[in-house]
Structure formats: C-alpha cells, structure tokens
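The values are calculated or read from the model by the stated rules, or taken from the named source; none is laboratory data. This structure is a prediction, so every number in the text was calculated from the model and none was measured. A quick note on method: Cβ atoms are made from the backbone with ideal geometry, for glycine too, and the neighbour counts reach across all protein chains shown.
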Amino acid sequence: MEKKIKGIMILLLVFFSFSPLTWRITTSEIAEVNLNRSRYAHYWVAKILENKGGIVATKFIDRVFKILDINRYLFAGHPREGASYARL
Amino acid sequence: MLDYKVWLVILLAVVVRVWGISHLPLGMYVDEAALGYNAYSLLLTGRDEYAQAWPIFLRSFGTYTSALAVYFLTVPIAVGGLSVAAIRLTAVIWGTLTVVALYILARKLFRSQTVAIMSALVLALSPTHVLFSRAFYEPTLALLLFVLAIAAKLSHRPIISALLLSLSAYAYHPLRLVVIPVLFWQFDWSATIIFGLTQLPLWYLSFLPGPNVRFTQLAWLSIIPAKDWLKEYLSQYISYFNPRNLFWLGDPDPQRSVPNLSMFYFWQVIPWGLGLAYIVRQFKKLTFLWLLLLISPMAAAITRDPFSTSRAIILLVPTALVIGLGLRQMGWWKWAGVFISVVLLWRGLAIYLPQTRYKEWNYGYRELFSYIANQESLALAVVDQPVYVLYLFYQKIDPRYVQSLGRNQIQNYYTDTKWVNYYHDLNVRFDPLIWEKDVYISQLIAGNGLLISPNQAQEHLFTKEFTFSYQNQILTAAYLTHPDQKLKSLNSKTQNQ
C-alpha cells in the first residue's frame, strides 16, 4: 500500500511539475511518427514501435528525467545546455 | 564450469555484437580506418604511415591516439586481410570478453551468482558497449584490460593487476589518471614499482608537444578562467552521474552513440536507484565499488564534451554492477525490461542507425574511391575531414608509398603537431577546391553530394560522372571538368561583350 501511495505521488509530481508543458500530441510529433514508420520494412512492426502512445510515454519519461537532472538544480543545466544529438 | 545462464548471457552478447557487423554501422568512421590502416602498415613494414617504427602514440591525423589497440589488430589483419569485418570482429571479441570478465569480477566482489549474471547482462546489452564492440575504438580494449586488472586485484594478484592496469593506461589516454587510485588500493610496493617503471615511457611522451596539444584541444582548462575551474569540473563530473545522461539523453557525439539510446536503458534507472541505496547501506563492505564509481569520470570531466561515453568508458563497469545489484531486488518484471531493451537495441541498430547516421559514418566514400581508383584521369578529392585515410584503407595502398610521402611531412614525430592532407598518387590528390584554378585543369572533382550545386556544374560545364545515392540523397559525387570547353565559352562571352 505504501509503495502504491509513493508511486501515485511520483506520478502527480511529474504531472504537475510540468503543467506549463503540454501533454497534447502536436502535428509535428505526428509527422515525426509517420516519418519513423516509413523507416520500417514491415508496416505492423512500425505500427507497434512508432505510435501516438509512444509520444506520450516519451514525454512522460523525458519529464521524469528532467526532474532527476542534478545539473539543472546545481548548475542551471550546465554543461548540457544544448540539445543532444543522440536523440533523433 | 560456467552456469548455463552465463552461457546464455555470452550468447546474447555475441549475437547483438556480431549481427550485421559488416554493414551496421553503414560506412566507416575515419578513426576506425586510421587505426586499421596503421595496423596494416605496421604489420607489413613495422612502421606507421609517417614511417615511425613501433610508435606508442599514433600521430595519425594529429590525434596522437594510443597505439596499443593497433598492435593487437595486426593479428586479425594478418589472418583476414585489411577489411571492415576483420577489424570490427576484433572489437566484437574484446567486447564479449569484457562481458565475461565483468561476470568474474562481480562474482569476486559480491560472491553472488545472481548479481554477477545480472551485471554481465546489463553490460552485454548496454547500447554504448554494444556500439563500441561493433566499431573499432581503442577504449574497448582499455576497458577489457581494466576489468581484468580489477579481477586480478580482487584475486590478490597485485603484480598481474599492476601490469594490466599499466597496459590499460597504454591502451587509452584517460585511463592514465583513472588507474592510479586503483593501483593504490590495497597498496603493494612491488606492484607499484613495476607499474611506475612500465609507465615511464608513457608519461615521458605525454608531455611532448604532440600529445600535449591534443590534451589542450580537448580540455576546457584554457578557455575557462582559473577561478571557475572548480565549478566547471564539478558540473562536468556530476553530469556523468546524472540519470538523465546515463539513461536517457546519451552521448552527443553521433559516432559514439546508438540513436535514441543512452549508455543504459531508461527503465534501468529503477534498479540503478535500488542498487545505489544498497551500496549506501553497505558502504563499509563495498568501498572498492565506491572507489570505482567515483574515479570513473575523473579524467573525462576535464574535457569539454558534456557527456563523453568514450572518455568515461570505465563508468560502464561500476554502473553495470550497481544496476546488477538493483536487478536482484526486482521481481519477474525485470525480464520485461530485458525484452524492452532487446527491442530498443534492435530498433536503434537496425532501423535508426543506418537511416539517420549514415553521413556521420562516411557512407558512400568506399564506392567513390573505388570509382576514382579505376579512372585514368586524376581526381581531386575535396573533403573537409581526414577522409584520405578511408582511401588508404579501402584501396589497400602500399604502406611503403604512403610512408615515402608521410615522412616528408614532419620533422619530429612527437613534436611536429601540424597536420595537412598530405596524400596524393597517380589517381587522386586531396586538396581544397580552388575554383579559379581547378576549373581549368582536366580532372575529376570528387567529394560529398553538396560539394557542387547543379548551377555550378552548369556554369563551369562539368559533367556528372559518378553519384552514390542513399535515402534519396546524393552522398558522394564526381564531376569531370572540361577546360577546353570552358575556355571557349569564356572567349565567346568576351567577344560578345
């Protein structure tokens, strides 16, 4: 029970920590999904791995990691102030 | 005798490293080609491309890379010839051996089969380690030697450990600093003396201008005022323990990361947290693990790149061990995590890597250079990177000829730091394009797909002789100049005016 409460609290923290950011899926994100789908040889594989649910999940995980980003708290984001090339 | 679960982990490690090795990543990075060609040169002549006999640092294109990996590479090249597969399979062997060595290390450190298997599994699937075991980079060898050194240390073999630590420092520059605290752990006089003696040539050469210039280029010391050094160092150092970098964003360098993946998988932040909590509670028992964890980014934090996985390659070891500890505490759904990891790794390697990073891996140059090599006319290769080394590699140019050019470029191997694109032969020269001059020479002008626009080709009466396309983009192209026609058109224009 205690674990469940902790989990719910973390979810709420993540959700409200980023209230100024949208959870809605934008047209550019849909375009990105379509582009990524075009990379696969089999449509059904593409559909499983690239979808709207994935966008929301990615946003959620991204925001969790932003909360955990120690450099943001201590050094105002430095040394990672720019965007990473590692993500597409 | 190894448990069948260990064999399964080894099998998985081999499969994810070997699968599609000759074409994933597509093309070849210049660092790989430089190491491969110099190994070929050393094998045939005992000298590198600048005719330096048995160097400790490889001058290459001014990088002064550690040369130890190159000496190891001479064996597979002697067996399989100079090919992409031969050099990458060497990396596969090193990577797989590192997984096995980590299993042995974890068993000695924790005395737990489960944690050892989990830690080995984490390393076997780590996107960074998989990429470093598929492409030929010297940190892969350094990591293997380092893990073996620690395993020897935990087995109370201080001399073997000191020798392996010394070798790992020879294998990759950042380890010169990192290995010292490990050496001093459970201090042993004889091991320290042996280590010190074997390190003398390395440290002597490190202070010569060549290797030193490389350090100055990479470190932030010269661009940050001394009063801010501590802040800069801490921000860089902490970024290596930042979960966002470790599990989500990854290395900003496109040749050092699998697209959309970091050093580890996003879900592994949970076992990492559990593992950290465990090692905090067991601080006194696990001080050696703490030491490994804290020293890992020590050298990497001095360099400018915010999260360089290659310079902090050692971080893979303590982090995999911590995640392994955390996985032990997780239930069946850790296997769901492993499944997700395999799917994400497949997606990163098979779908995103060949389709989004082909330019960074110089795809198309092999085809361009084999075209140029078969032409009668001289080609001017206009490239902004030291791509000449790809030409040497793919065309298997005789090292003796390359040395005859290379030795004239430098006065002293370790002190002459200036590098120029020096290579030329009867087929090709590597120079910048000078429009006022090169348009009036009968030659092929070759380079990437953006080198010459259609308007420029039309204006200067070039004919397109070769193109290599991928993903609807021209990656490399070669144009033939027509100086006679160009002069005629200029003359007729002048007469009309």
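Points worth noting:
- Looking only at the stretch B:199-209, and only at residues there that are under 25 Å from the mean Cα position of the chain (by Cα) and assigned to a helix (DSSP H, G or I), the one that is nearest to the other protein chains (Cβ to nearest Cβ): B:SER206
- Checking the stated criteria, B:TYR413 turns out to be part of a loop (DSSP other than H, G, I, E, B) and outside the structural domain of B:PHE215 (by TED's automatic domain parsing).
- Residues in the stretch B:24-43 that are touching an Asp or Glu at 6+ places or on another chain (Cβ under 8 Å) and in a helix (DSSP H, G or I): B:LEU35, B:TYR37, B:ASN38, B:SER41, B:LEU42.
- Residue check for B:VAL182: of a type in the set (Val, Ile, Thr), in a helix (DSSP H, G or I), at negative phi and crowded, with 16+ Cβ neighbours inside 10 Å: yes
- When residues in the stretch B:338-355 are screened for being surrounded by fewer than 17 Cβ atoms within 10 Å (Cβ to Cβ) and in contact (Cβ under 8 Å) with a residue 40 or more places away in the chain, 3 of them pass.
- Test: residue in the stretch B:384-406 that is in contact with a Lys or Arg (Cβ under 8 Å, 6 or more places away or on another chain), of a type in the set (S, T, N, Q), assigned by TED's automatic domain parsing to the domain that holds B:ASN448 and in a helix (DSSP H, G or I): yes
- Single unsatisfied condition, B:VAL269 versus (1) of a type outside the set (Phe, Trp, Tyr); (2) in contact with a helix residue (DSSP H, G or I) (Cβ under 6 Å, 6 or more places away or on another chain); (3) touching a residue at least 40 places away in the same chain (Cβ under 8 Å): (3)
- Close pairs (6 angstrom Cβ cut-off, 6 or more residues apart or separate chains): at positive phi and at the interface with another protein chain (Cβ under 7 Å from one of its Cβ atoms) in the stretch B:229-249, buried (at least 24 other Cβ atoms within 10 Å of the Cβ) and of a type outside the set (A, V, I, L, M) anywhere: none
- Within the stretch B:402-421, the residues that satisfy the criterion of being over 11 Å from B:ALA51 (Cβ atoms) and surrounded by fewer than 17 Cβ atoms within 10 Å (Cβ to Cβ) are B:GLN411, B:ASN412, B:THR415, B:ASP416, B:LYS418, B:TRP419, B:VAL420.
- When each of B:ALA135, B:ALA91 is tested for being surrounded by fewer than 24 Cβ atoms within 10 Å (Cβ to Cβ), hydrophobic (A, V, I, L, M, F, W, C) and closer than 20 Å to B:LEU26 by Cα, the lone residue that passes is B:ALA135.
- Selection from the stretch B:270-308 of residues that are within 14 Å of chain A (Cβ to nearest Cβ), assigned to a helix (DSSP H, G or I) and surrounded by 21 or more Cβ atoms within 10 Å (Cβ to Cβ): B:TRP272, B:ALA300, B:ALA301
- Residue match in the stretch B:210-221 (condition: within 14 Å of another protein chain (Cβ to nearest Cβ), farther than 30 Å from B:PHE264 by Cβ and not in a loop (DSSP other than H, G, I, E, B)): no
- Going through (1) more than 14 Å from every other protein chain (Cβ to nearest Cβ); (2) under 16 Å from B:PHE468 (Cα atoms); (3) assigned to a loop (DSSP other than H, G, I, E, B) one by one, B:LEU368 falls short only on (3).
- Restricting attention to the stretch B:125-139, the residues that are under 12 Å from B:TRP94 (Cβ atoms) and in a helix (DSSP H, G or I) add up to 6.
- Pairs where the first residue, in the stretch B:371-393, is under 12 Å from B:VAL428 (Cα atoms) and touching a residue at least 40 places away in the same chain (Cβ under 8 Å) and the second is among the aromatic types (Phe, Trp, Tyr) and part of a loop (DSSP other than H, G, I, E, B), C-beta under 8 Å, 6+ apart: B:TYR388/B:TYR422; B:TYR388/B:TYR423; B:LEU392/B:TYR423
- Of all residues in the stretch B:78-96, those being assigned to a helix (DSSP H, G or I) and within 18 Å of the chain's Cα centre (by Cα) number 13.
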